[in-house]
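Heads up, the thing below is written out as structure tokens.
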Amino acid sequence: TESYKIPTAHLAQSKLQQLQLHLSDVRDLWRILQCLQQQPMQADLH
């Protein structure tokens with residue numbers, strides 16, 4: 001039936017928002033990793 005159809009546009013939009021959040025998390029992680037690589041390794045980081 002028509003009412004049972006999945007709201008594909010809304011689903012794609014929510015997935016896109018989740019992906020953007022995930023990408024920003026990955027970007028922050030990458031920035032932290034690069035900062036750590038620039039500093040001399042310390043024992044208390046492990």
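The values are calculated or read from the model by the stated rules, or taken from the named source; none is laboratory data. Since the model is a prediction, treat every value here as computed from it, not as a measurement. Here Cβ is always computed from backbone atoms with ideal geometry, including for glycine, and neighbour counts include all displayed protein chains.
In the range 34-46, of all residues being aliphatic (A, V, I, L, M), part of a helix (DSSP H, G or I) and loosely packed, with under 10 Cβ neighbours inside 10 Å, the one that is modelled with the lowest pLDDT corresponds to L45.
From the set of residues in the range 1-30 that are modelled with pLDDT under 95 and of a type in the set (K, R), which is surrounded by the most Cβ atoms within 10 Å (Cβ to Cβ)? Applying the filter and picking the extreme gives K15.
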